[in-house]
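The values are calculated or read from the model by the stated rules, or taken from the named source; none is laboratory data. None of these values were measured; they are calculated from a predicted model. FYI the Cβ positions are ideal-geometry reconstructions off the backbone, even for glycines, and counts take in every protein chain you see. These area figures cover heavy atoms from the full protein model, side chains too; ligands, DNA and RNA do not enter into them. Shrake-Rupley method; radii C 1.70, N 1.55, O 1.52, S 1.80 Å.
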Amino acid sequence: MRSPRTPNQALRLLLAEAGWTAAHLARQVNALGTTQGTPRHYDRTTVAHWLAGSRPRPPVPGLVAEALSRHLGRPVRAEDTGLLGPGQWHHGLETPPGEGSAVERLDRILRDTSRRSVTLVGAYSLAALAVPQGPPFAAKPLTSAANPASRVDMTQVSSARELLALFSRADASFGAGPVREPLRQFLSTTLLPWLRCDMRPAVRRELFTVAAQLTYLCAFLHFDMNRQAAAQRFYLTSVELAREAGDPVGHALALRGLSVQAHALGHFTEAQRLAEAAVRTGARHVPPHQQAFFLGQLAVTEAGLDDTRATRLLATAERCLERSSSGASPVGAFHHGSLALQHAAVARRMSDNRGATRALDLSLRCRPSDERRSGALGLAELAEVQLAAGHLEQACRTWHDFLDVHPHIHSARADDRLRALTAGLRPNAAHPAAAALLARTREIRPGADRHSDRAHRPGNVP
(Lines give C-alpha, C1' and ligand atoms only; values in the text may rest on other atoms or scores of the structure.)
Protein backbone atom coordinates (compact mmCIF):
# COMPACT_ATOMS: atom_id res chain seq x y z
CA MET A 1 0.00 0.00 0.00
CA ARG A 2 1.20 3.51 -0.83
CA SER A 3 1.54 5.84 2.16
CA PRO A 4 -1.49 8.13 2.58
CA ARG A 5 1.05 11.00 2.66
CA THR A 6 1.96 10.28 -0.97
CA PRO A 7 -1.08 11.16 -3.09
CA ASN A 8 -1.22 9.71 -6.60
CA GLN A 9 -0.74 12.87 -8.63
CA ALA A 10 -0.14 10.93 -11.86
CA LEU A 11 -3.61 9.37 -11.74
CA ARG A 12 -5.19 12.69 -10.76
CA LEU A 13 -3.63 14.39 -13.81
CA LEU A 14 -4.83 11.59 -16.11
CA LEU A 15 -8.37 11.91 -14.76
CA ALA A 16 -8.25 15.66 -15.35
CA GLU A 17 -7.00 15.13 -18.91
CA ALA A 18 -9.81 12.63 -19.53
CA GLY A 19 -12.43 14.86 -17.90
CA TRP A 20 -13.51 11.92 -15.74
CA THR A 21 -14.73 11.78 -12.18
CA ALA A 22 -13.65 9.03 -9.81
CA ALA A 23 -17.05 7.38 -10.26
CA HIS A 24 -16.69 7.42 -14.04
CA LEU A 25 -13.25 5.77 -13.90
CA ALA A 26 -14.67 3.09 -11.58
CA ARG A 27 -17.49 2.36 -14.06
CA GLN A 28 -15.06 2.13 -16.98
CA VAL A 29 -12.74 -0.25 -15.11
CA ASN A 30 -15.71 -2.40 -14.06
CA ALA A 31 -16.98 -2.63 -17.64
CA LEU A 32 -13.54 -3.36 -19.07
CA GLY A 33 -12.85 -5.99 -16.42
CA THR A 34 -16.12 -7.76 -17.22
CA THR A 35 -15.37 -7.94 -20.95
CA GLN A 36 -11.87 -9.28 -20.27
CA GLY A 37 -12.87 -11.94 -17.76
CA THR A 38 -11.83 -10.08 -14.59
CA PRO A 39 -15.09 -8.53 -13.31
CA ARG A 40 -14.77 -5.68 -10.82
CA HIS A 41 -17.26 -3.88 -8.58
CA TYR A 42 -15.53 -0.61 -7.84
CA ASP A 43 -17.08 2.76 -7.03
CA ARG A 44 -15.86 6.32 -6.49
CA THR A 45 -14.69 5.42 -2.97
CA THR A 46 -12.26 2.87 -4.38
CA VAL A 47 -10.81 5.40 -6.81
CA ALA A 48 -10.54 7.93 -3.99
CA HIS A 49 -8.33 5.43 -2.15
CA TRP A 50 -6.16 5.08 -5.27
CA LEU A 51 -5.86 8.87 -5.52
CA ALA A 52 -4.87 8.98 -1.85
CA GLY A 53 -2.06 6.52 -2.51
CA SER A 54 -3.27 2.91 -2.26
CA ARG A 55 -2.25 0.47 -4.98
CA PRO A 56 -4.61 -2.23 -6.27
CA ARG A 57 -3.35 -5.66 -7.24
CA PRO A 58 -2.89 -6.74 -10.87
CA PRO A 59 -4.56 -6.67 -13.31
CA VAL A 60 -6.23 -3.47 -12.08
CA PRO A 61 -3.36 -1.08 -13.00
CA GLY A 62 -3.50 -2.50 -16.52
CA LEU A 63 -7.29 -2.09 -16.68
CA VAL A 64 -7.01 1.53 -15.53
CA ALA A 65 -4.32 2.21 -18.12
CA GLU A 66 -6.37 0.56 -20.86
CA ALA A 67 -9.55 2.47 -20.00
CA LEU A 68 -7.65 5.76 -20.13
CA SER A 69 -5.85 4.79 -23.36
CA ARG A 70 -9.13 4.16 -25.14
CA HIS A 71 -10.66 7.43 -24.00
CA LEU A 72 -7.62 9.64 -24.56
CA GLY A 73 -6.69 8.10 -27.89
CA ARG A 74 -3.07 7.62 -26.91
CA PRO A 75 -1.11 4.88 -25.16
CA VAL A 76 -1.19 5.02 -21.35
CA ARG A 77 1.00 2.42 -19.64
CA ALA A 78 0.28 0.88 -16.26
CA GLU A 79 3.39 2.65 -14.94
CA ASP A 80 1.92 6.00 -16.02
CA THR A 81 -1.05 5.60 -13.66
CA GLY A 82 1.03 5.72 -10.48
CA LEU A 83 -0.60 2.49 -9.34
CA LEU A 84 2.62 0.44 -9.47
CA GLY A 85 5.25 0.57 -6.76
CA PRO A 86 8.94 1.38 -7.29
CA GLY A 87 10.58 -1.36 -9.35
CA GLN A 88 7.25 -3.13 -9.88
CA TRP A 89 6.33 -4.20 -13.39
CA HIS A 90 2.83 -4.72 -14.66
CA HIS A 91 2.01 -8.39 -15.22
CA GLY A 92 1.17 -8.55 -18.87
CA LEU A 93 2.40 -6.68 -21.89
CA GLU A 94 5.14 -4.49 -20.51
CA THR A 95 8.48 -6.25 -20.59
CA PRO A 96 10.80 -5.91 -17.58
CA PRO A 97 14.46 -5.11 -18.14
CA GLY A 98 16.47 -8.12 -19.22
CA GLU A 99 13.44 -9.96 -20.63
CA GLY A 100 13.51 -8.61 -24.15
CA SER A 101 14.14 -11.65 -26.34
CA ALA A 102 11.29 -13.54 -27.97
CA VAL A 103 12.24 -16.73 -26.11
CA GLU A 104 12.10 -14.93 -22.76
CA ARG A 105 8.73 -13.38 -23.69
CA LEU A 106 7.40 -16.82 -24.57
CA ASP A 107 8.70 -18.23 -21.30
CA ARG A 108 6.98 -15.46 -19.35
CA ILE A 109 3.54 -15.83 -20.93
CA LEU A 110 3.70 -19.62 -20.65
CA ARG A 111 4.51 -19.33 -16.94
CA ASP A 112 1.75 -16.78 -16.40
CA THR A 113 -0.90 -18.87 -18.16
CA SER A 114 0.21 -22.05 -16.39
CA ARG A 115 -0.74 -20.52 -13.05
CA ARG A 116 -4.38 -20.38 -14.15
CA SER A 117 -4.75 -16.88 -12.79
CA VAL A 118 -6.08 -14.30 -15.22
CA THR A 119 -4.60 -11.57 -12.99
CA LEU A 120 -1.09 -12.64 -14.00
CA VAL A 121 -1.85 -12.26 -17.70
CA GLY A 122 -2.93 -8.64 -17.51
CA ALA A 123 -5.46 -6.79 -19.63
CA TYR A 124 -6.00 -6.57 -23.38
CA SER A 125 -4.23 -3.38 -24.41
CA LEU A 126 -4.71 -1.07 -27.39
CA ALA A 127 -1.39 0.55 -26.51
CA ALA A 128 0.37 -2.77 -27.13
CA LEU A 129 -0.82 -2.85 -30.75
CA ALA A 130 1.96 -0.46 -31.76
CA VAL A 131 3.96 -3.50 -32.90
CA PRO A 132 7.13 -3.33 -35.05
CA GLN A 133 6.31 -2.62 -38.69
CA GLY A 134 9.81 -2.79 -40.18
CA PRO A 135 11.39 -5.80 -41.91
CA PRO A 136 12.01 -8.88 -39.74
CA PHE A 137 15.51 -9.48 -38.50
CA ALA A 138 17.41 -12.61 -37.58
CA ALA A 139 18.68 -12.25 -34.02
CA LYS A 140 21.96 -13.67 -32.85
CA PRO A 141 21.71 -17.19 -31.43
CA LEU A 142 21.26 -17.43 -27.70
CA THR A 143 23.92 -19.10 -25.62
CA SER A 144 22.47 -22.16 -23.92
CA ALA A 145 22.92 -22.03 -20.18
CA ALA A 146 21.16 -25.28 -19.41
CA ASN A 147 23.11 -27.85 -21.37
CA PRO A 148 25.75 -26.56 -23.79
CA ALA A 149 26.36 -30.07 -25.08
CA SER A 150 22.76 -30.52 -26.26
CA ARG A 151 21.99 -29.74 -29.88
CA VAL A 152 18.83 -29.37 -31.91
CA ASP A 153 18.66 -30.38 -35.55
CA MET A 154 16.05 -30.76 -38.29
CA THR A 155 14.57 -33.81 -36.52
CA GLN A 156 13.12 -31.54 -33.84
CA VAL A 157 11.98 -29.04 -36.47
CA SER A 158 10.12 -31.79 -38.35
CA SER A 159 8.40 -33.07 -35.21
CA ALA A 160 7.31 -29.51 -34.31
CA ARG A 161 5.80 -29.13 -37.78
CA GLU A 162 3.94 -32.43 -37.45
CA LEU A 163 2.48 -31.34 -34.13
CA LEU A 164 1.53 -27.96 -35.58
CA ALA A 165 -0.55 -29.72 -38.23
CA LEU A 166 -2.08 -32.08 -35.65
CA PHE A 167 -3.07 -29.30 -33.23
CA SER A 168 -4.45 -27.20 -36.08
CA ARG A 169 -6.67 -30.02 -37.38
CA ALA A 170 -7.93 -30.81 -33.87
CA ASP A 171 -8.82 -27.16 -33.26
CA ALA A 172 -10.75 -26.88 -36.53
CA SER A 173 -12.71 -30.04 -35.73
CA PHE A 174 -13.35 -29.74 -32.00
CA GLY A 175 -12.74 -26.11 -31.04
CA ALA A 176 -10.00 -24.76 -28.83
CA GLY A 177 -11.20 -26.33 -25.57
CA PRO A 178 -9.51 -29.75 -25.81
CA VAL A 179 -6.43 -28.41 -27.65
CA ARG A 180 -5.35 -25.26 -25.81
CA GLU A 181 -3.75 -26.85 -22.75
CA PRO A 182 -1.95 -29.70 -24.61
CA LEU A 183 -0.43 -27.15 -26.99
CA ARG A 184 0.58 -24.87 -24.12
CA GLN A 185 2.23 -27.84 -22.40
CA PHE A 186 4.16 -28.74 -25.55
CA LEU A 187 5.38 -25.17 -25.91
CA SER A 188 6.43 -25.05 -22.27
CA THR A 189 8.04 -28.44 -21.75
CA THR A 190 9.44 -29.25 -25.19
CA LEU A 191 9.66 -26.35 -27.61
CA LEU A 192 10.97 -23.76 -25.16
CA PRO A 193 13.99 -25.90 -24.11
CA TRP A 194 14.72 -26.56 -27.80
CA LEU A 195 14.76 -22.82 -28.53
CA ARG A 196 17.48 -22.44 -25.88
CA CYS A 197 19.71 -25.19 -27.25
CA ASP A 198 22.73 -24.92 -29.47
CA MET A 199 21.93 -25.29 -33.20
CA ARG A 200 23.21 -24.37 -36.64
CA PRO A 201 21.95 -21.00 -38.02
CA ALA A 202 19.86 -22.71 -40.70
CA VAL A 203 18.21 -24.97 -38.13
CA ARG A 204 17.64 -22.02 -35.84
CA ARG A 205 15.79 -20.11 -38.59
CA GLU A 206 13.53 -23.08 -39.27
CA LEU A 207 12.86 -23.81 -35.60
CA PHE A 208 12.02 -20.19 -34.78
CA THR A 209 9.76 -20.06 -37.84
CA VAL A 210 7.70 -23.05 -36.71
CA ALA A 211 7.80 -21.77 -33.12
CA ALA A 212 6.21 -18.53 -34.31
CA GLN A 213 3.47 -20.54 -36.05
CA LEU A 214 2.81 -22.68 -32.98
CA THR A 215 2.64 -19.55 -30.83
CA TYR A 216 0.25 -17.98 -33.35
CA LEU A 217 -1.98 -21.04 -33.09
CA CYS A 218 -1.81 -20.89 -29.29
CA ALA A 219 -2.91 -17.26 -29.50
CA PHE A 220 -5.88 -18.19 -31.66
CA LEU A 221 -6.88 -20.96 -29.26
CA HIS A 222 -6.97 -18.44 -26.41
CA PHE A 223 -8.98 -16.09 -28.64
CA ASP A 224 -11.49 -18.86 -29.35
CA MET A 225 -11.86 -19.41 -25.59
CA ASN A 226 -12.26 -15.65 -24.96
CA ARG A 227 -8.95 -15.36 -23.09
CA GLN A 228 -8.34 -12.06 -24.84
CA ALA A 229 -5.38 -10.71 -22.86
CA ALA A 230 -3.48 -14.00 -23.12
CA ALA A 231 -4.32 -14.27 -26.83
CA GLN A 232 -2.90 -10.81 -27.46
CA ARG A 233 0.31 -11.61 -25.62
CA PHE A 234 0.78 -14.85 -27.57
CA TYR A 235 0.18 -13.00 -30.86
CA LEU A 236 2.73 -10.35 -29.91
CA THR A 237 5.22 -13.07 -28.94
CA SER A 238 4.62 -14.76 -32.29
CA VAL A 239 5.54 -11.45 -33.97
CA GLU A 240 8.84 -11.40 -32.08
CA LEU A 241 9.68 -15.05 -32.80
CA ALA A 242 9.03 -14.51 -36.52
CA ARG A 243 11.18 -11.39 -36.52
CA GLU A 244 14.03 -13.25 -34.83
CA ALA A 245 13.70 -15.94 -37.49
CA GLY A 246 13.82 -13.31 -40.23
CA ASP A 247 10.40 -14.63 -41.37
CA PRO A 248 8.11 -11.99 -42.94
CA VAL A 249 5.28 -14.50 -43.43
CA GLY A 250 5.12 -15.43 -39.75
CA HIS A 251 5.31 -11.75 -38.86
CA ALA A 252 2.37 -11.01 -41.18
CA LEU A 253 0.33 -13.95 -39.86
CA ALA A 254 0.59 -12.63 -36.31
CA LEU A 255 -0.32 -9.09 -37.43
CA ARG A 256 -3.41 -10.51 -39.15
CA GLY A 257 -4.31 -12.46 -36.00
CA LEU A 258 -4.08 -9.25 -33.98
CA SER A 259 -6.31 -7.59 -36.58
CA VAL A 260 -8.95 -10.32 -36.34
CA GLN A 261 -8.95 -10.02 -32.55
CA ALA A 262 -9.14 -6.21 -32.57
CA HIS A 263 -12.03 -6.30 -35.06
CA ALA A 264 -13.90 -8.87 -32.98
CA LEU A 265 -13.51 -6.62 -29.93
CA GLY A 266 -14.84 -3.59 -31.80
CA HIS A 267 -11.53 -1.74 -32.34
CA PHE A 268 -12.07 -1.15 -36.04
CA THR A 269 -9.42 1.51 -36.70
CA GLU A 270 -6.70 -0.60 -35.09
CA ALA A 271 -7.93 -3.71 -36.94
CA GLN A 272 -7.65 -1.93 -40.29
CA ARG A 273 -4.16 -0.66 -39.55
CA LEU A 274 -2.95 -4.12 -38.54
CA ALA A 275 -4.55 -5.79 -41.57
CA GLU A 276 -2.89 -3.24 -43.84
CA ALA A 277 0.46 -3.94 -42.19
CA ALA A 278 -0.04 -7.69 -42.60
CA VAL A 279 -0.66 -7.31 -46.34
CA ARG A 280 2.32 -5.00 -46.72
CA THR A 281 4.60 -7.34 -44.74
CA GLY A 282 3.64 -10.76 -46.02
CA ALA A 283 1.45 -10.81 -49.13
CA ARG A 284 4.29 -10.82 -51.66
CA HIS A 285 6.00 -13.77 -49.94
CA VAL A 286 3.10 -16.26 -49.92
CA PRO A 287 1.21 -18.46 -52.40
CA PRO A 288 -2.08 -17.19 -53.88
CA HIS A 289 -4.40 -18.76 -51.30
CA GLN A 290 -2.56 -16.97 -48.50
CA GLN A 291 -2.58 -13.71 -50.44
CA ALA A 292 -6.37 -14.09 -50.37
CA PHE A 293 -6.12 -14.86 -46.64
CA PHE A 294 -4.48 -11.48 -46.01
CA LEU A 295 -6.56 -9.48 -48.52
CA GLY A 296 -9.86 -10.87 -47.25
CA GLN A 297 -9.16 -9.72 -43.70
CA LEU A 298 -8.19 -6.28 -44.97
CA ALA A 299 -11.49 -6.13 -46.88
CA VAL A 300 -13.42 -6.95 -43.69
CA THR A 301 -11.69 -4.12 -41.83
CA GLU A 302 -12.29 -1.65 -44.69
CA ALA A 303 -16.05 -2.31 -44.72
CA GLY A 304 -17.80 0.64 -43.15
CA LEU A 305 -14.70 2.79 -43.69
CA ASP A 306 -14.22 2.50 -47.46
CA ASP A 307 -16.83 0.17 -48.94
CA THR A 308 -15.55 0.60 -52.50
CA ARG A 309 -12.08 -0.51 -51.50
CA ALA A 310 -13.50 -3.43 -49.51
CA THR A 311 -15.32 -4.66 -52.63
CA ARG A 312 -12.18 -4.32 -54.75
CA LEU A 313 -10.10 -6.23 -52.20
CA LEU A 314 -12.62 -9.09 -52.15
CA ALA A 315 -12.49 -9.26 -55.95
CA THR A 316 -8.68 -9.40 -55.84
CA ALA A 317 -8.81 -12.13 -53.19
CA GLU A 318 -11.22 -14.08 -55.40
CA ARG A 319 -8.75 -13.92 -58.32
CA CYS A 320 -5.98 -15.11 -56.02
CA LEU A 321 -8.01 -18.18 -55.04
CA GLU A 322 -8.73 -18.92 -58.70
CA ARG A 323 -4.96 -19.12 -59.28
CA SER A 324 -4.41 -21.36 -56.25
CA SER A 325 -4.05 -25.11 -56.53
CA SER A 326 -4.64 -25.67 -52.80
CA GLY A 327 -5.73 -23.65 -49.79
CA ALA A 328 -4.39 -26.11 -47.23
CA SER A 329 -1.74 -25.13 -44.68
CA PRO A 330 -1.42 -25.62 -40.92
CA VAL A 331 -1.82 -21.87 -40.33
CA GLY A 332 -3.25 -19.46 -42.85
CA ALA A 333 -5.47 -22.06 -44.51
CA PHE A 334 -7.97 -20.37 -46.80
CA HIS A 335 -10.52 -21.50 -49.38
CA HIS A 336 -13.70 -20.36 -51.11
CA GLY A 337 -15.75 -21.05 -47.98
CA SER A 338 -13.46 -18.79 -45.95
CA LEU A 339 -13.67 -15.99 -48.52
CA ALA A 340 -17.46 -16.29 -48.75
CA LEU A 341 -17.62 -15.74 -44.99
CA GLN A 342 -15.65 -12.53 -45.42
CA HIS A 343 -18.00 -11.48 -48.24
CA ALA A 344 -20.79 -11.94 -45.68
CA ALA A 345 -19.00 -9.85 -43.06
CA VAL A 346 -18.53 -7.01 -45.57
CA ALA A 347 -22.16 -7.26 -46.68
CA ARG A 348 -23.38 -7.06 -43.08
CA ARG A 349 -21.30 -3.93 -42.42
CA MET A 350 -22.93 -2.44 -45.55
CA SER A 351 -26.43 -3.40 -44.24
CA ASP A 352 -26.90 -5.78 -47.16
CA ASN A 353 -28.71 -8.67 -45.48
CA ARG A 354 -29.61 -10.34 -48.76
CA GLY A 355 -25.98 -10.34 -49.90
CA ALA A 356 -24.87 -11.61 -46.49
CA THR A 357 -27.37 -14.47 -46.67
CA ARG A 358 -26.16 -15.54 -50.11
CA ALA A 359 -22.53 -15.40 -49.00
CA LEU A 360 -23.19 -17.39 -45.82
CA ASP A 361 -25.08 -20.05 -47.78
CA LEU A 362 -22.10 -20.35 -50.13
CA SER A 363 -19.67 -20.48 -47.23
CA LEU A 364 -21.54 -23.36 -45.61
CA ARG A 365 -21.69 -25.29 -48.89
CA CYS A 366 -17.95 -24.83 -49.51
CA ARG A 367 -16.83 -25.44 -45.93
CA PRO A 368 -14.95 -28.78 -45.49
CA SER A 369 -16.83 -31.13 -43.19
CA ASP A 370 -13.93 -31.40 -40.73
CA GLU A 371 -14.05 -27.63 -40.01
CA ARG A 372 -16.90 -28.11 -37.56
CA ARG A 373 -16.25 -25.09 -35.37
CA SER A 374 -16.20 -22.66 -38.29
CA GLY A 375 -19.25 -24.40 -39.74
CA ALA A 376 -21.15 -23.96 -36.49
CA LEU A 377 -20.23 -20.28 -36.26
CA GLY A 378 -21.29 -19.79 -39.87
CA LEU A 379 -24.68 -21.37 -39.13
CA ALA A 380 -25.12 -19.09 -36.14
CA GLU A 381 -24.26 -16.05 -38.24
CA LEU A 382 -26.74 -17.11 -40.94
CA ALA A 383 -29.51 -17.57 -38.37
CA GLU A 384 -28.84 -14.11 -36.95
CA VAL A 385 -29.06 -12.56 -40.44
CA GLN A 386 -32.28 -14.44 -41.17
CA LEU A 387 -33.80 -13.31 -37.88
CA ALA A 388 -32.76 -9.70 -38.52
CA ALA A 389 -34.49 -9.92 -41.93
CA GLY A 390 -37.72 -11.10 -40.25
CA HIS A 391 -37.53 -14.72 -41.42
CA LEU A 392 -38.23 -16.27 -38.03
CA GLU A 393 -39.08 -19.84 -39.06
CA GLN A 394 -36.12 -20.01 -41.42
CA ALA A 395 -33.83 -18.72 -38.67
CA CYS A 396 -35.18 -21.36 -36.27
CA ARG A 397 -34.39 -24.13 -38.75
CA THR A 398 -30.84 -22.81 -39.11
CA TRP A 399 -30.47 -22.55 -35.33
CA HIS A 400 -31.51 -26.21 -35.04
CA ASP A 401 -28.68 -27.09 -37.45
CA PHE A 402 -26.33 -25.12 -35.20
CA LEU A 403 -27.55 -27.01 -32.13
CA ASP A 404 -26.86 -30.30 -33.91
CA VAL A 405 -23.17 -29.35 -34.10
CA HIS A 406 -22.73 -27.41 -30.85
CA PRO A 407 -22.39 -30.40 -28.47
CA HIS A 408 -19.45 -31.70 -30.50
CA ILE A 409 -17.28 -28.58 -30.22
CA HIS A 410 -15.76 -26.77 -27.24
CA SER A 411 -15.51 -23.11 -28.15
CA ALA A 412 -16.40 -20.07 -26.06
CA ARG A 413 -17.29 -18.22 -29.25
CA ALA A 414 -19.82 -20.93 -30.09
CA ASP A 415 -21.22 -20.67 -26.57
CA ASP A 416 -21.54 -16.91 -27.11
CA ARG A 417 -23.68 -17.63 -30.15
CA LEU A 418 -25.88 -19.97 -28.14
CA ARG A 419 -26.49 -17.17 -25.65
CA ALA A 420 -27.22 -14.78 -28.53
CA LEU A 421 -29.73 -17.31 -29.87
CA THR A 422 -31.62 -17.32 -26.58
CA ALA A 423 -31.60 -13.52 -26.24
CA GLY A 424 -32.68 -12.98 -29.84
CA LEU A 425 -35.60 -15.39 -29.68
CA ARG A 426 -37.08 -14.34 -26.34
CA PRO A 427 -39.23 -11.56 -27.90
CA ASN A 428 -40.75 -14.25 -30.16
CA ALA A 429 -41.19 -16.89 -27.46
CA ALA A 430 -44.93 -17.21 -28.17
CA HIS A 431 -44.27 -18.39 -31.74
CA PRO A 432 -44.37 -22.22 -31.94
CA ALA A 433 -41.06 -22.54 -33.84
CA ALA A 434 -39.29 -20.21 -31.44
CA ALA A 435 -40.82 -21.88 -28.40
CA ALA A 436 -39.64 -25.31 -29.57
CA LEU A 437 -36.15 -24.00 -30.21
CA LEU A 438 -35.94 -22.26 -26.84
CA ALA A 439 -37.06 -25.48 -25.16
CA ARG A 440 -34.20 -27.29 -26.88
CA THR A 441 -31.66 -24.69 -25.81
CA ARG A 442 -32.61 -25.20 -22.16
CA GLU A 443 -31.19 -28.71 -22.43
CA ILE A 444 -27.79 -27.30 -23.40
CA ARG A 445 -25.64 -25.64 -20.75
CA PRO A 446 -22.96 -23.36 -22.20
CA GLY A 447 -20.38 -21.35 -20.35
CA ALA A 448 -19.24 -22.34 -16.86
CA ASP A 449 -20.83 -25.79 -17.03
CA ARG A 450 -18.74 -26.68 -20.09
CA HIS A 451 -15.58 -24.71 -19.32
CA SER A 452 -14.27 -22.04 -17.00
CA ASP A 453 -13.68 -19.30 -19.57
CA ARG A 454 -15.86 -16.22 -19.41
CA ALA A 455 -18.05 -15.43 -22.36
CA HIS A 456 -17.25 -12.52 -24.61
CA ARG A 457 -19.00 -10.83 -27.46
CA PRO A 458 -19.01 -12.78 -30.76
CA GLY A 459 -16.23 -11.96 -33.16
CA ASN A 460 -15.72 -12.45 -36.88
CA VAL A 461 -14.65 -15.93 -37.90
CA PRO A 462 -11.05 -16.10 -39.17
Has region 160-176 got at least one residue that is modelled with pLDDT of 95 or more, closer than 22 Å to G122 by Cα and not acidic (D, E)?
yes
Filter region 313-327 down to the residues that are surrounded by 13 or more Cβ atoms within 10 Å (Cβ to Cβ) and closer than 27 Å to L164 by Cα and list them by number.
A317, C320, L321, S324, G327
Among (1) crowded, with 24+ Cβ neighbours inside 10 Å; (2) hydrophobic (A, V, I, L, M, F, W, C); (3) more than 18 Å from the chain's Cα centre (by Cα), which single condition is F294 missing?
(3)
Is it fair to say R180 is surrounded by fewer than 24 Cβ atoms within 10 Å (Cβ to Cβ), closer than 22 Å to E162 by Cβ and among the charged types (D, E, K, R)?
no
Considering only residues that are surrounded by 22 or more Cβ atoms within 10 Å (Cβ to Cβ) and not aliphatic (A, V, I, L, M), which ones fall in region 349-373?
S363, R373
Quick test of your reading of the structure: A67 fulfils all but one of (1) modelled with pLDDT under 85; (2) surrounded by 16 or more Cβ atoms within 10 Å (Cβ to Cβ). Name the failing condition by number.
(1)
Quick test for you: out of A229, A212, pick the one residue that is within 22 Å of S114 (Cβ to Cβ), at pLDDT below 95, in a helix (DSSP H, G or I) and open to solvent by less than 10 Å² (accessible area, probe 1.4 Å).
A229
Among the residues of region 386-406, are any open to solvent by less than 30 Å² (accessible area, probe 1.4 Å), in contact with an Asp or Glu (Cβ under 7 Å, 6 or more places away or on another chain) and assigned to a helix (DSSP H, G or I)?
no
Breaking point among (1) in contact with a helix residue (DSSP H, G or I) (Cβ under 6 Å, 6 or more places away or on another chain); (2) closer than 24 Å to T209 by Cα; (3) not in a helix (DSSP H, G or I); (4) not basic (K, R), for Q291:
(3)
Mind listing whichever residues of region 276-289 are open to solvent by less than 20 Å² (accessible area, probe 1.4 Å) and either more than 12 Å from R256 (Cβ to Cβ) or in contact with a Gly (Cβ under 7 Å, 6 or more places away or on another chain) (or both)?
H289
Give me the pairs: first residue in region 34-55 and within 28 Å of Q232 (Cα to Cα) and modelled with pLDDT of 90 or more, second residue of a type in the set (G, A, S) and assigned to a helix (DSSP H, G or I), beta-carbon distance under 8 Å, and six or more apart or on different chains, which are they?
Y42/A26; V47/A22; V47/A23; V47/A26
What number of residues within region 95-135 satisfy the criterion of being modelled with pLDDT of 85 or more, aliphatic (A, V, I, L, M), open to solvent by 10 Å² or more (accessible area, probe 1.4 Å) and outside any loop (DSSP other than H, G, I, E, B)?
1
I'm checking my understanding of the structure. Among residues of region 248-265 that are under 15 Å from V286 (Cα atoms) and open to solvent by 20 Å² or more (accessible area, probe 1.4 Å), which one is farthest from the chain's Cα centre (by Cα)?
P248
